[in-house]
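See below for the structure under consideration.
Read the figures in this text as sums done on the coordinates, not as results from a lab. Just so we're clear, the structure is a prediction, and the values are computed from it rather than from any experiment. Heads up, the Cβs are rebuilt from the backbone with ideal geometry, glycines too, and the neighbour counts pull from every protein chain shown.
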């Protein structure tokens, strides 16, 4: 069953980027049994996905269906180029323009889909694309675990915390922030390669 996302497409089984068992392993069980772990992981995951502008990971089957005027699209000679709302695209399995299935197309990992020898006649024409995008990135998982540790420790007024391979210190200004859902500048730098960037 697919889930409608806030990024304009559906994703089959939008799984968490870090499960509670992975988090327990990453923190050597420091927070085992803490009922707040799941909500901290959910908040951190939502912050990462919202900042990146797409589901980031894991790799999942996606489907997009929109009218031509709703898509980022340009013409290159007789071809139509569409910017899919995702990165790390590993497969495109179906393309339809109106009622016609297109078989002559190519794609790039950055989300560019080129439909050869096809000009979209009307702005109201519905274009449907089924594709696979996303990845399993350890640095993103570590960042989410770090944000979750931050959020969990923050409620106790802790200024630094080490739990297994995850270590975090909090500046005073961050102690009053939004916990796991807040992304400081160093986190944004880590996420820069995963943030959705339009090619045109």
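I need the calculated FRET efficiency for the pair residue 5 and residue 101, taking r as the beta carbon distance and R₀ as 35 Å, to the nearest 0.05. FRET efficiency, residue 5 to residue 101: 0.90. Label separation (residue 128 vs residue 182): 4.5 nm, computed from points 7 Å beyond Cα along the C-beta direction. Placing dummy labels 7 Å off each Cα toward the beta-carbon, the span from residue 70 to residue 13 is 2.7 nm.
Calculated mean residue ellipticity, 222 nm, the chain: -7500 deg cm²/dmol, from DSSP H runs (n ≥ 4) at -39500 (n - 2.57) each, averaged per residue and rounded to 500. Here segment 61-86 and segment 8-57 have alpha carbon centers that stand 30 Å from each other.
Under a Gaussian network description of the chain, with springs only between Cα atoms under 10 Å, the residue in 184, 109, 16 that fluctuates furthest is 184. Figure legend: label point modelled 7 angstrom from the Cα of residue 91 along Cα→Cβ; residues of segment 1-32 with amide N under 14 Å from it are 12. Take residue 139 and residue 59, extend 7 Å from each Cα along the Cα→Cβ direction, and tell me the distance between the two endpoints in nm. Calculated label separation equals 1.9 nm.
Computed over the chain with a Gaussian network model linking Cα atoms closer than 10 Å, the most mobile of 144, 127, 102 is 102.
Against the chain, whose longest principal axis comes from its Cα atoms, helix 138-154 is set at around 40 degrees. Taking only Cα atoms, what is the 0 to 90° angle, nearest 10, from helix 37-52's long axis to the longest principal axis of the chain? With rounding to tens, the tilt is 40 degrees. In the elastic network of the chain, a GNM with C-alpha springs shorter than 10 Å, the most mobile of 100, 75, 116 is 100.
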